[in-house]
1. So which residues in the range 114-136 are surrounded by fewer than 16 Cβ atoms within 10 Å (Cβ to Cβ) and β-branched (Val, Ile, Thr)?
2. (1) under 17 Å from ILE229 (Cβ atoms); (2) of a type outside the set (Gly, Ala, Ser); (3) in contact with a helix residue (DSSP H, G or I) (Cβ under 7 Å, 6 or more places away or on another chain): which one isn't true of ARG339, the others all being true?
3. Considering each of GLY323, GLY334 in turn, give the residue that is over 48 Å from the mean Cα position of the chain (by Cα), at pLDDT below 95 and under 30 Å from GLU498 (Cβ atoms).
4. Taking the conditions exactly as written (part of a loop (DSSP other than H, G, I, E, B) and of a type in the set (Gly, Ala, Ser)), does ALA147 satisfy them or not?
5. Filtering the range 432-447 down to residues that are touching a strand residue (DSSP E or B) at 6+ places or on another chain (Cβ under 6 Å) and under 13 Å from LEU366 (Cα atoms), which residue is surrounded by the most Cβ atoms within 10 Å (Cβ to Cβ)?
6. Go through the range 137-150 residue by residue and tally those that are surrounded by fewer than 14 Cβ atoms within 10 Å (Cβ to Cβ) and in contact (Cβ under 8 Å) with a residue 40 or more places away in the chain.
7. Those residues that are over 19 Å from ILE449 (Cα atoms), outside any loop (DSSP other than H, G, I, E, B), of a type outside the set (Ser, Thr, Tyr) and within 50 Å of the chain's Cα centre (by Cα), I need them from the range 341-386; list them, please.
8. Condition (residue is within 29 Å of the chain's Cα centre (by Cα), part of a helix (DSSP H, G or I) and closer than 30 Å to ALA330 by Cβ) applied to the range 294-305: is it met by at least one residue?
Amino acid sequence: MTKTQRVITAALGALLGICVALGLVMLGYPAVYAHQIYPGVFVNDVDVGGLTVKEAASLLNGRLPNPASQTIQMRTADHSWSISWADVGRAYDGTGTAVAAYEVARDGTWYERLVAPWRVRFEGRSVAPFINPADADQVKLTLEDLAPQVYVPPADAGLHIGSGGIESIPAQTGRALDVETSVSNVLEALEDGAKTVELAMLDVPPRLPEPEPARTLAQSLLAEPFTLIVDDPLTNYRAEFDVPPERVATWVETVVAEDQLVLVVDEPTVRSWLTEIGLQLGSERNLVVTETLTHTVAALNGGEHQARAAVRHPSRTYIVEPGDTLFDIAYRNGFPEWRLEEANPEVEPDELLIGMKLTIPSIDVLFPEPLVPGKRIEIDLPEQRLRAFENDELVYDFTCSTGMTSTPTIAGQFQILFKEPEAYAQRWSLDMPYFMAIYNERPGFANGIHELPINAAGHRLWSSVLGWPASYGCIILDVGDAKVLYDWAPVGTLVRIEGVAPGTPVYGELAEERE
(Lines give C-alpha, C1' and ligand atoms only; values in the text may rest on other atoms or scores of the structure.)
Protein backbone atom coordinates (compact mmCIF):
# COMPACT_ATOMS: atom_id res chain seq x y z
CA MET A 1 0.00 0.00 0.00
CA THR A 2 1.48 3.22 -1.05
CA LYS A 3 1.85 6.20 1.26
CA THR A 4 -0.95 7.97 -0.53
CA GLN A 5 -3.21 5.05 -0.11
CA ARG A 6 -2.38 4.91 3.58
CA VAL A 7 -3.21 8.58 3.98
CA ILE A 8 -6.54 8.17 2.19
CA THR A 9 -7.37 5.14 4.28
CA ALA A 10 -6.57 6.98 7.49
CA ALA A 11 -8.67 9.93 6.43
CA LEU A 12 -11.61 7.74 5.61
CA GLY A 13 -11.27 5.98 8.93
CA ALA A 14 -11.19 9.27 10.78
CA LEU A 15 -14.24 10.50 8.88
CA LEU A 16 -16.06 7.32 9.66
CA GLY A 17 -15.15 7.69 13.28
CA ILE A 18 -16.48 11.21 13.30
CA CYS A 19 -19.73 10.08 11.70
CA VAL A 20 -20.04 7.28 14.16
CA ALA A 21 -19.36 9.67 17.02
CA LEU A 22 -21.91 12.15 15.71
CA GLY A 23 -24.43 9.39 15.29
CA LEU A 24 -23.80 8.18 18.81
CA VAL A 25 -24.20 11.73 20.11
CA MET A 26 -27.48 12.23 18.24
CA LEU A 27 -28.78 8.87 19.33
CA GLY A 28 -27.70 9.42 22.91
CA TYR A 29 -29.15 12.98 23.28
CA PRO A 30 -32.75 11.88 23.83
CA ALA A 31 -31.55 9.24 26.24
CA VAL A 32 -29.66 11.86 28.24
CA TYR A 33 -32.87 13.96 28.60
CA ALA A 34 -35.24 11.05 28.93
CA HIS A 35 -36.46 12.42 32.30
CA GLN A 36 -35.78 16.08 31.71
CA ILE A 37 -37.18 18.83 29.57
CA TYR A 38 -35.03 19.45 26.52
CA PRO A 39 -32.80 22.49 26.72
CA GLY A 40 -34.16 25.53 24.88
CA VAL A 41 -37.73 25.18 26.18
CA PHE A 42 -39.17 28.33 27.79
CA VAL A 43 -42.49 29.15 29.43
CA ASN A 44 -42.95 32.86 28.83
CA ASP A 45 -39.48 34.03 29.86
CA VAL A 46 -38.81 31.17 32.29
CA ASP A 47 -36.15 28.68 31.11
CA VAL A 48 -37.25 25.21 32.09
CA GLY A 49 -34.74 23.28 29.92
CA GLY A 50 -32.90 20.52 31.71
CA LEU A 51 -35.46 20.37 34.53
CA THR A 52 -37.63 17.47 35.46
CA VAL A 53 -41.40 17.93 35.29
CA LYS A 54 -41.56 18.24 39.05
CA GLU A 55 -38.73 20.78 39.14
CA ALA A 56 -40.28 22.77 36.29
CA ALA A 57 -43.73 22.73 37.96
CA SER A 58 -42.26 24.03 41.21
CA LEU A 59 -40.39 26.74 39.36
CA LEU A 60 -43.40 27.79 37.33
CA ASN A 61 -45.69 27.91 40.33
CA GLY A 62 -43.36 30.44 41.82
CA ARG A 63 -42.68 32.46 38.67
CA LEU A 64 -46.07 32.62 36.91
CA PRO A 65 -48.39 35.54 37.91
CA ASN A 66 -50.46 35.20 41.10
CA PRO A 67 -54.18 34.57 40.26
CA ALA A 68 -55.18 37.22 42.78
CA SER A 69 -53.34 39.82 40.69
CA GLN A 70 -55.05 38.84 37.47
CA THR A 71 -58.34 40.79 37.18
CA ILE A 72 -61.18 41.44 34.81
CA GLN A 73 -63.57 44.39 34.99
CA MET A 74 -67.29 43.68 34.87
CA ARG A 75 -69.58 46.53 33.87
CA THR A 76 -73.24 47.49 33.60
CA ALA A 77 -74.60 50.84 32.51
CA ASP A 78 -74.32 52.25 36.03
CA HIS A 79 -71.86 50.02 37.89
CA SER A 80 -68.38 48.56 37.57
CA TRP A 81 -66.50 45.90 39.57
CA SER A 82 -63.13 44.18 39.31
CA ILE A 83 -62.80 40.52 40.19
CA SER A 84 -59.64 38.44 40.29
CA TRP A 85 -59.01 35.05 38.82
CA ALA A 86 -58.87 33.76 42.38
CA ASP A 87 -62.46 34.92 42.95
CA VAL A 88 -63.73 32.61 40.24
CA GLY A 89 -61.32 29.67 40.54
CA ARG A 90 -59.16 30.57 37.51
CA ALA A 91 -55.37 29.95 37.92
CA TYR A 92 -52.17 29.02 36.07
CA ASP A 93 -51.53 25.26 35.93
CA GLY A 94 -47.82 24.87 36.71
CA THR A 95 -47.84 21.08 36.61
CA GLY A 96 -49.84 20.95 33.39
CA THR A 97 -47.53 23.49 31.80
CA ALA A 98 -44.43 21.55 32.91
CA VAL A 99 -45.86 18.37 31.38
CA ALA A 100 -46.49 20.28 28.14
CA ALA A 101 -42.89 21.58 28.20
CA TYR A 102 -41.57 18.04 28.69
CA GLU A 103 -43.57 16.80 25.67
CA VAL A 104 -41.83 19.29 23.36
CA ALA A 105 -39.89 17.44 20.57
CA ARG A 106 -40.98 14.03 21.78
CA ASP A 107 -43.47 13.10 19.08
CA GLY A 108 -43.23 12.33 15.36
CA THR A 109 -41.15 9.77 13.46
CA TRP A 110 -37.87 8.34 14.87
CA TYR A 111 -35.93 10.70 12.69
CA GLU A 112 -37.97 13.70 13.83
CA ARG A 113 -37.47 12.67 17.44
CA LEU A 114 -33.67 12.65 16.81
CA VAL A 115 -33.51 16.00 15.03
CA ALA A 116 -36.18 18.01 16.88
CA PRO A 117 -34.39 18.18 20.28
CA TRP A 118 -31.33 19.72 18.61
CA ARG A 119 -33.44 22.29 16.83
CA VAL A 120 -35.09 23.17 20.16
CA ARG A 121 -31.64 23.48 21.73
CA PHE A 122 -30.36 25.88 19.11
CA GLU A 123 -33.57 27.66 18.04
CA GLY A 124 -35.54 27.61 21.32
CA ARG A 125 -39.24 26.79 21.86
CA SER A 126 -41.79 28.78 23.86
CA VAL A 127 -44.68 26.98 25.63
CA ALA A 128 -47.76 28.96 26.62
CA PRO A 129 -48.67 28.43 30.25
CA PHE A 130 -51.69 26.25 30.89
CA ILE A 131 -54.60 27.93 32.71
CA ASN A 132 -57.28 26.19 34.70
CA PRO A 133 -60.62 27.65 33.49
CA ALA A 134 -62.88 29.59 35.83
CA ASP A 135 -65.46 27.60 37.81
CA ALA A 136 -68.89 28.47 36.39
CA ASP A 137 -70.49 27.88 39.80
CA GLN A 138 -68.08 30.33 41.45
CA VAL A 139 -68.75 32.90 38.75
CA LYS A 140 -72.47 32.45 39.33
CA LEU A 141 -72.12 32.89 43.10
CA THR A 142 -70.06 36.03 42.57
CA LEU A 143 -72.67 37.50 40.25
CA GLU A 144 -75.51 36.55 42.56
CA ASP A 145 -73.76 38.49 45.33
CA LEU A 146 -73.57 41.51 43.02
CA ALA A 147 -77.13 41.23 41.70
CA PRO A 148 -78.79 43.18 44.55
CA GLN A 149 -76.53 46.15 43.86
CA VAL A 150 -77.81 46.58 40.32
CA TYR A 151 -81.42 45.63 40.95
CA VAL A 152 -83.88 48.41 40.19
CA PRO A 153 -87.33 47.32 41.37
CA PRO A 154 -90.30 47.92 39.10
CA ALA A 155 -92.95 50.39 40.22
CA ASP A 156 -96.59 49.41 39.91
CA ALA A 157 -99.13 51.75 38.42
CA GLY A 158 -101.10 53.57 41.07
CA LEU A 159 -104.02 55.87 41.55
CA HIS A 160 -104.48 58.89 43.76
CA ILE A 161 -108.10 59.74 44.50
CA GLY A 162 -108.80 62.99 46.25
CA SER A 163 -111.12 65.94 46.34
CA GLY A 164 -109.28 67.34 43.35
CA GLY A 165 -110.06 64.33 41.19
CA ILE A 166 -108.18 61.27 40.01
CA GLU A 167 -104.46 61.17 39.30
CA SER A 168 -102.94 58.13 37.60
CA ILE A 169 -99.44 57.15 38.71
CA PRO A 170 -97.63 55.47 35.78
CA ALA A 171 -95.86 52.17 36.15
CA GLN A 172 -92.08 51.87 35.76
CA THR A 173 -90.11 48.92 34.40
CA GLY A 174 -87.40 47.59 36.68
CA ARG A 175 -83.95 46.17 35.89
CA ALA A 176 -82.27 43.02 37.14
CA LEU A 177 -79.02 41.21 36.45
CA ASP A 178 -79.43 38.34 33.99
CA VAL A 179 -77.20 35.99 35.97
CA GLU A 180 -77.22 33.05 33.56
CA THR A 181 -76.29 35.12 30.49
CA SER A 182 -73.76 37.13 32.47
CA VAL A 183 -72.02 33.93 33.63
CA SER A 184 -71.55 32.94 29.98
CA ASN A 185 -70.25 36.42 29.14
CA VAL A 186 -67.68 36.36 31.95
CA LEU A 187 -66.45 32.85 31.12
CA GLU A 188 -66.08 33.77 27.46
CA ALA A 189 -64.22 37.00 28.28
CA LEU A 190 -61.79 35.16 30.57
CA GLU A 191 -61.05 32.59 27.90
CA ASP A 192 -60.46 35.34 25.34
CA GLY A 193 -58.12 37.20 27.69
CA ALA A 194 -60.37 40.27 27.69
CA LYS A 195 -59.89 42.90 30.37
CA THR A 196 -63.53 44.00 30.53
CA VAL A 197 -66.89 42.32 30.08
CA GLU A 198 -70.42 43.71 29.84
CA LEU A 199 -72.93 42.02 32.11
CA ALA A 200 -76.40 41.26 30.75
CA MET A 201 -79.46 42.94 32.24
CA LEU A 202 -83.12 42.02 32.13
CA ASP A 203 -86.20 44.23 32.13
CA VAL A 204 -88.48 43.49 35.07
CA PRO A 205 -92.06 44.38 34.18
CA PRO A 206 -94.31 45.83 36.89
CA ARG A 207 -97.01 43.59 38.27
CA LEU A 208 -99.55 46.34 37.59
CA PRO A 209 -98.83 48.07 34.30
CA GLU A 210 -102.11 49.99 34.47
CA PRO A 211 -104.24 51.13 37.45
CA GLU A 212 -107.20 49.07 36.31
CA PRO A 213 -110.01 48.39 36.93
CA ALA A 214 -109.77 50.90 39.78
CA ARG A 215 -109.27 53.91 37.50
CA THR A 216 -112.29 53.14 35.31
CA LEU A 217 -114.53 52.55 38.31
CA ALA A 218 -113.30 55.69 40.09
CA GLN A 219 -113.90 57.79 36.98
CA SER A 220 -117.42 56.43 36.77
CA LEU A 221 -118.19 56.99 40.46
CA LEU A 222 -116.87 60.54 40.52
CA ALA A 223 -118.58 61.58 37.31
CA GLU A 224 -121.75 62.54 39.17
CA PRO A 225 -123.20 62.64 42.70
CA PHE A 226 -124.23 59.50 44.53
CA THR A 227 -127.84 59.33 45.70
CA LEU A 228 -129.40 57.35 48.52
CA ILE A 229 -133.11 56.85 47.88
CA VAL A 230 -135.29 56.44 50.95
CA ASP A 231 -138.60 55.22 49.61
CA ASP A 232 -141.06 54.13 52.28
CA PRO A 233 -144.54 53.64 50.83
CA LEU A 234 -145.80 52.35 54.18
CA THR A 235 -145.50 55.86 55.63
CA ASN A 236 -145.80 57.73 52.31
CA TYR A 237 -142.27 59.01 52.71
CA ARG A 238 -139.74 59.47 49.94
CA ALA A 239 -136.50 61.42 50.03
CA GLU A 240 -133.25 61.49 48.13
CA PHE A 241 -129.92 62.27 49.78
CA ASP A 242 -127.18 63.36 47.37
CA VAL A 243 -123.46 63.07 48.03
CA PRO A 244 -121.12 65.21 45.89
CA PRO A 245 -118.28 63.45 44.06
CA GLU A 246 -115.63 65.04 46.27
CA ARG A 247 -117.14 63.32 49.30
CA VAL A 248 -117.56 60.04 47.45
CA ALA A 249 -113.81 60.27 46.80
CA THR A 250 -113.24 59.93 50.55
CA TRP A 251 -115.23 56.69 50.61
CA VAL A 252 -112.94 54.67 48.38
CA GLU A 253 -109.36 53.49 48.36
CA THR A 254 -107.24 51.28 46.15
CA VAL A 255 -105.81 47.87 46.97
CA VAL A 256 -104.05 45.20 44.93
CA ALA A 257 -105.99 41.99 44.48
CA GLU A 258 -105.13 39.16 42.08
CA ASP A 259 -102.62 41.31 40.15
CA GLN A 260 -105.15 44.09 39.62
CA LEU A 261 -105.62 47.47 41.20
CA VAL A 262 -109.14 47.47 42.53
CA LEU A 263 -111.28 50.01 44.28
CA VAL A 264 -112.67 49.12 47.69
CA VAL A 265 -115.16 51.01 49.77
CA ASP A 266 -114.18 52.26 53.21
CA GLU A 267 -117.25 50.90 54.95
CA PRO A 268 -116.77 52.70 58.30
CA THR A 269 -116.78 56.05 56.47
CA VAL A 270 -119.96 55.21 54.58
CA ARG A 271 -121.58 53.87 57.75
CA SER A 272 -120.89 57.18 59.46
CA TRP A 273 -122.68 59.01 56.63
CA LEU A 274 -125.64 56.63 56.79
CA THR A 275 -125.91 57.25 60.52
CA GLU A 276 -126.22 60.96 59.73
CA ILE A 277 -129.03 60.19 57.27
CA GLY A 278 -130.83 57.99 59.77
CA LEU A 279 -131.19 60.92 62.16
CA GLN A 280 -133.15 62.82 59.51
CA LEU A 281 -135.88 60.27 58.82
CA GLY A 282 -138.19 61.11 61.68
CA SER A 283 -139.76 58.93 64.36
CA GLU A 284 -142.01 56.88 62.05
CA ARG A 285 -139.22 55.03 60.39
CA ASN A 286 -135.73 53.79 61.17
CA LEU A 287 -132.88 53.44 58.72
CA VAL A 288 -131.43 49.92 58.89
CA VAL A 289 -127.83 51.03 58.63
CA THR A 290 -126.18 47.62 58.17
CA GLU A 291 -128.53 46.52 55.39
CA THR A 292 -128.40 49.92 53.72
CA LEU A 293 -124.61 49.83 53.94
CA THR A 294 -124.66 46.51 52.07
CA HIS A 295 -126.85 48.04 49.33
CA THR A 296 -124.65 51.13 49.12
CA VAL A 297 -121.37 49.23 48.94
CA ALA A 298 -122.79 46.92 46.26
CA ALA A 299 -123.90 49.94 44.22
CA LEU A 300 -120.51 51.64 44.54
CA ASN A 301 -118.66 48.47 43.61
CA GLY A 302 -120.88 48.20 40.55
CA GLY A 303 -120.18 51.77 39.46
CA GLU A 304 -123.77 52.79 40.14
CA HIS A 305 -124.81 56.22 41.35
CA GLN A 306 -127.71 55.36 43.59
CA ALA A 307 -128.80 52.86 46.19
CA ARG A 308 -132.03 52.19 48.02
CA ALA A 309 -132.21 52.44 51.75
CA ALA A 310 -133.60 49.69 53.95
CA VAL A 311 -136.21 51.08 56.32
CA ARG A 312 -137.90 49.49 59.32
CA HIS A 313 -140.69 50.82 61.46
CA PRO A 314 -140.81 51.01 65.24
CA SER A 315 -143.50 49.48 67.40
CA ARG A 316 -145.87 51.87 69.15
CA THR A 317 -147.56 52.11 72.50
CA TYR A 318 -151.35 52.27 72.84
CA ILE A 319 -153.20 53.27 76.02
CA VAL A 320 -156.41 51.28 76.53
CA GLU A 321 -159.51 53.44 76.57
CA PRO A 322 -163.04 52.76 77.87
CA GLY A 323 -164.87 50.24 75.67
CA ASP A 324 -161.75 48.95 73.95
CA THR A 325 -161.35 45.30 73.08
CA LEU A 326 -158.23 43.71 71.77
CA PHE A 327 -160.01 43.05 68.48
CA ASP A 328 -161.06 46.73 68.21
CA ILE A 329 -157.52 47.94 68.82
CA ALA A 330 -156.04 45.46 66.37
CA TYR A 331 -158.63 46.24 63.68
CA ARG A 332 -158.19 50.01 64.00
CA ASN A 333 -154.41 49.65 63.67
CA GLY A 334 -154.53 47.32 60.69
CA PHE A 335 -153.56 44.04 62.38
CA PRO A 336 -155.20 40.68 62.91
CA GLU A 337 -156.00 40.27 66.60
CA TRP A 338 -153.48 37.48 67.14
CA ARG A 339 -150.65 39.83 66.20
CA LEU A 340 -151.44 42.00 69.23
CA GLU A 341 -151.70 38.93 71.41
CA GLU A 342 -148.28 37.88 70.16
CA ALA A 343 -146.81 41.35 70.90
CA ASN A 344 -148.37 41.44 74.39
CA PRO A 345 -147.95 37.90 75.75
CA GLU A 346 -148.49 39.02 79.35
CA VAL A 347 -151.93 40.52 78.58
CA GLU A 348 -155.12 38.46 78.84
CA PRO A 349 -157.29 39.52 75.85
CA ASP A 350 -160.48 39.52 77.91
CA GLU A 351 -159.00 41.42 80.86
CA LEU A 352 -158.04 44.80 79.39
CA LEU A 353 -157.94 47.64 81.89
CA ILE A 354 -158.39 51.31 81.13
CA GLY A 355 -154.98 52.99 80.99
CA MET A 356 -153.16 49.74 80.30
CA LYS A 357 -150.23 50.09 77.90
CA LEU A 358 -150.24 47.79 74.90
CA THR A 359 -147.55 47.33 72.28
CA ILE A 360 -148.71 47.85 68.72
CA PRO A 361 -146.16 45.79 66.81
CA SER A 362 -144.09 47.14 63.96
CA ILE A 363 -145.94 46.98 60.69
CA ASP A 364 -142.87 45.15 59.44
CA VAL A 365 -144.27 41.89 60.88
CA LEU A 366 -146.80 42.01 58.03
CA PHE A 367 -144.05 42.42 55.41
CA PRO A 368 -141.73 39.41 55.44
CA GLU A 369 -140.98 39.81 51.72
CA PRO A 370 -139.13 42.69 50.05
CA LEU A 371 -141.61 45.17 48.60
CA VAL A 372 -141.87 45.12 44.83
CA PRO A 373 -140.95 48.63 43.62
CA GLY A 374 -143.39 50.42 41.37
CA LYS A 375 -146.41 48.14 41.88
CA ARG A 376 -149.29 48.35 44.35
CA ILE A 377 -152.85 47.20 44.75
CA GLU A 378 -155.45 49.42 46.42
CA ILE A 379 -158.74 48.04 47.71
CA ASP A 380 -161.48 50.56 48.53
CA LEU A 381 -163.85 48.94 51.01
CA PRO A 382 -166.66 51.53 50.74
CA GLU A 383 -166.59 51.36 46.92
CA GLN A 384 -165.83 47.61 46.75
CA ARG A 385 -163.27 48.32 44.07
CA LEU A 386 -159.80 46.89 43.51
CA ARG A 387 -157.35 49.02 41.60
CA ALA A 388 -153.83 48.15 40.48
CA PHE A 389 -151.14 50.75 39.86
CA GLU A 390 -147.76 50.57 38.19
CA ASN A 391 -145.47 53.56 38.66
CA ASP A 392 -148.53 55.46 39.91
CA GLU A 393 -150.42 54.75 36.67
CA LEU A 394 -153.75 52.92 36.94
CA VAL A 395 -153.55 49.63 35.04
CA TYR A 396 -156.59 47.70 36.35
CA ASP A 397 -159.87 48.69 38.00
CA PHE A 398 -162.04 45.75 39.10
CA THR A 399 -165.26 45.28 41.05
CA CYS A 400 -164.66 43.13 44.10
CA SER A 401 -166.41 41.73 47.16
CA THR A 402 -164.73 41.88 50.57
CA GLY A 403 -165.54 40.35 53.98
CA MET A 404 -168.97 40.34 55.55
CA THR A 405 -169.63 42.13 58.83
CA SER A 406 -169.10 38.92 60.76
CA THR A 407 -165.83 38.19 58.98
CA PRO A 408 -164.54 41.57 57.87
CA THR A 409 -161.55 42.29 55.70
CA ILE A 410 -159.01 44.16 57.78
CA ALA A 411 -158.18 47.65 56.57
CA GLY A 412 -154.45 48.30 56.53
CA GLN A 413 -151.27 47.77 54.57
CA PHE A 414 -150.17 44.30 53.55
CA GLN A 415 -148.34 42.52 50.77
CA ILE A 416 -148.75 39.45 48.67
CA LEU A 417 -147.20 36.71 50.78
CA PHE A 418 -147.57 33.74 48.46
CA LYS A 419 -149.57 32.62 45.44
CA GLU A 420 -151.45 29.40 44.63
CA PRO A 421 -153.24 28.93 41.31
CA GLU A 422 -155.60 26.34 42.84
CA ALA A 423 -156.03 26.96 46.57
CA TYR A 424 -158.47 25.06 48.73
CA ALA A 425 -160.18 26.34 51.89
CA GLN A 426 -160.85 23.23 53.95
CA ARG A 427 -162.69 25.26 56.56
CA TRP A 428 -165.50 25.98 54.06
CA SER A 429 -164.79 23.29 51.45
CA LEU A 430 -164.19 25.91 48.76
CA ASP A 431 -161.86 26.03 45.80
CA MET A 432 -160.25 29.48 45.44
CA PRO A 433 -158.69 29.90 41.99
CA TYR A 434 -155.76 32.29 41.60
CA PHE A 435 -155.32 32.79 45.31
CA MET A 436 -152.87 35.45 46.53
CA ALA A 437 -152.43 35.55 50.32
CA ILE A 438 -152.11 39.04 51.86
CA TYR A 439 -152.26 38.48 55.64
CA ASN A 440 -152.70 35.69 58.12
CA GLU A 441 -156.06 36.10 59.81
CA ARG A 442 -154.67 33.67 62.35
CA PRO A 443 -151.49 31.56 62.29
CA GLY A 444 -151.66 29.15 59.39
CA PHE A 445 -154.83 30.67 57.93
CA ALA A 446 -154.43 33.36 55.28
CA ASN A 447 -156.91 35.81 53.80
CA GLY A 448 -156.20 36.93 50.29
CA ILE A 449 -157.40 37.85 46.82
CA HIS A 450 -158.93 35.18 44.59
CA GLU A 451 -161.49 34.41 41.93
CA LEU A 452 -165.18 33.69 42.74
CA PRO A 453 -164.96 30.50 44.81
CA ILE A 454 -166.35 27.11 43.80
CA ASN A 455 -168.17 24.94 46.33
CA ALA A 456 -168.03 21.16 46.62
CA ALA A 457 -170.92 20.85 44.16
CA GLY A 458 -168.96 22.78 41.54
CA HIS A 459 -171.07 25.96 41.72
CA ARG A 460 -169.62 29.46 41.65
CA LEU A 461 -170.56 31.46 44.74
CA TRP A 462 -171.42 35.14 45.13
CA SER A 463 -171.35 36.09 41.45
CA SER A 464 -174.76 37.73 41.88
CA VAL A 465 -173.59 39.90 44.77
CA LEU A 466 -170.19 40.87 43.40
CA GLY A 467 -169.58 44.43 44.48
CA TRP A 468 -171.02 43.91 47.96
CA PRO A 469 -169.37 42.43 51.08
CA ALA A 470 -169.89 38.68 50.77
CA SER A 471 -166.75 36.75 51.73
CA TYR A 472 -165.25 35.32 54.89
CA GLY A 473 -162.54 38.00 54.81
CA CYS A 474 -160.97 37.48 51.40
CA ILE A 475 -161.22 39.86 48.44
CA ILE A 476 -163.20 38.24 45.63
CA LEU A 477 -162.76 39.08 41.94
CA ASP A 478 -164.77 38.07 38.92
CA VAL A 479 -163.79 35.23 36.63
CA GLY A 480 -160.94 36.45 34.42
CA ASP A 481 -160.13 39.48 36.54
CA ALA A 482 -158.47 37.35 39.21
CA LYS A 483 -156.18 35.64 36.69
CA VAL A 484 -155.15 38.97 35.15
CA LEU A 485 -154.20 40.30 38.56
CA TYR A 486 -152.55 37.00 39.54
CA ASP A 487 -150.29 37.16 36.50
CA TRP A 488 -149.48 40.85 37.02
CA ALA A 489 -148.71 40.95 40.75
CA PRO A 490 -145.59 39.15 42.04
CA VAL A 491 -145.01 38.10 45.62
CA GLY A 492 -144.07 41.18 47.65
CA THR A 493 -146.52 43.54 45.90
CA LEU A 494 -147.92 46.17 48.27
CA VAL A 495 -151.66 45.83 49.06
CA ARG A 496 -153.48 48.75 50.69
CA ILE A 497 -156.97 48.24 52.06
CA GLU A 498 -158.77 51.44 53.00
CA GLY A 499 -162.06 52.50 54.57
CA VAL A 500 -164.90 50.50 56.05
CA ALA A 501 -167.08 48.14 54.02
CA PRO A 502 -170.75 49.08 53.59
CA GLY A 503 -172.86 47.88 56.49
CA THR A 504 -169.91 47.34 58.83
CA PRO A 505 -170.91 48.20 62.43
CA VAL A 506 -168.80 50.18 64.87
CA TYR A 507 -165.82 48.32 66.29
CA GLY A 508 -167.39 47.29 69.59
CA GLU A 509 -170.45 45.84 67.90
CA LEU A 510 -168.22 44.08 65.36
CA ALA A 511 -166.23 42.48 68.14
CA GLU A 512 -169.38 41.25 69.83
CA GLU A 513 -170.68 39.88 66.53
CA ARG A 514 -167.42 37.97 65.95
CA GLU A 515 -167.68 36.49 69.42
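1. Within the range 114-136, VAL115 is the sole residue that qualifies.
2. If we test ARG339 against (1) under 17 Å from ILE229 (Cβ atoms); (2) of a type outside the set (Gly, Ala, Ser); (3) in contact with a helix residue (DSSP H, G or I) (Cβ under 7 Å, 6 or more places away or on another chain), just (1) comes out false.
3. None of the other options fit; the residue is GLY323.
4. So ALA147 does not fit the description; no.
5. ILE438
6. 1
7. Within the range 341-386, GLU342, ALA343, ILE360, ILE363, ASP364, VAL365 qualify.
8. Looking through the range 294-305, none of the residues is within 29 Å of the chain's Cα centre (by Cα), part of a helix (DSSP H, G or I) and closer than 30 Å to ALA330 by Cβ.
The values are calculated or read from the model by the stated rules, or taken from the named source; none is laboratory data. Worth saying up front: this structure is predicted, and the values here are computed from it rather than measured. Quick reminder, even Gly has a Cβ in these numbers, built from the backbone with ideal geometry, and neighbours come from all protein chains shown.
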